[in-house]
Amino acid sequence: MKRTTRRLSPRYMRKWEPMELIIPNFGGDMLLNAYYVTGLVEGEGSFSVSFNIRRMLNVGIETSPSFSISLNQRDLELLKSIKEFFGCGGIKFSRVDRTYKYEVRAVKDLFKKIIPYFRNFPQKGSKQKDLELFAKICEMVNANLHLDPSYLREIIEMAYKMNPSGKRRYRKEELLRVFGEVKV
């Protein structure tokens, strides 16, 4: 029996063609596929929003969204490749858990590079819900709405729905108390 192959139109292939980046590596080239990066982030990445009480600010709270991937020292070259892949962010060593962390904190890069990437190559697990909240928060911070107490309250509420098992410096009630929203 003769085997036939179905040819896909170039337009169809472009829609599904994964983004790839070849990174020079010591033993050859490291090929990073967009789906690999998405899967890595599903397991080892985090979308988070941290808050710091800063009495000098008009609203009293600093809002800092970030995207990060933490890996063991033996995977430092992979983190460097991911930094190259996204074209933004930095890598630092964390003494707390003795890992290297690739992190993007610039709202411009989060808004124009990281969020669009994960909308094109979405995650399949619970982090996709975190991404949607994170994207909304980044949009609000990009528009400077975090400087308005009523919007900041909304940002805090959304942030505390993300990563429910994550570490937090402040309880939500402590932050809301800063601008008189909650009596504890």
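The values are calculated or read from the model by the stated rules, or taken from the named source; none is laboratory data. These figures come from a predicted structure and were not determined experimentally. Neighbour counts run over all protein chains shown; Cβ positions are idealised from the backbone, glycine included.
Miscellaneous remarks
- Residues in the stretch 65-80 that are farther than 17 Å from K113 by Cβ and among the hydroxyl-bearing types (S, T, Y): S70 alone.
- Residue in the stretch 130-145 that is over 30 Å from E84 (Cα atoms) and out of contact with any Lys or Arg (no Cβ under 9 Å at 6 or more places or on another chain) present: yes
- Here is the figure for the stretch 70-105: residues that are touching a strand residue (DSSP E or B) at 6+ places or on another chain (Cβ under 8 Å), free of Cβ contacts under 8 Å to residues at least 40 places away in the same chain and part of a loop (DSSP other than H, G, I, E, B) total 4.
- Whichever residue in the stretch 143-184 is more than 21 Å from M56 (Cα to Cα) and of a type in the set (K, R) and, among such residues, is modelled with the lowest pLDDT: K183
- Among the candidates D109, D75, the residue that is over 13 Å from the mean Cα position of the chain (by Cα), among the acidic types (D, E) and surrounded by 15 or more Cβ atoms within 10 Å (Cβ to Cβ) is uniquely D75.
- Options G89, G125: the member that is within 16 Å of the chain's Cα centre (by Cα), buried (at least 17 other Cβ atoms within 10 Å of the Cβ) and of a type in the set (G, A, S): G89
- Test for T38: is it surrounded by 15 or more Cβ atoms within 10 Å (Cβ to Cβ), closer than 26 Å to R171 by Cα, within 18 Å of the chain's Cα centre (by Cα) and not small (G, A, S): no
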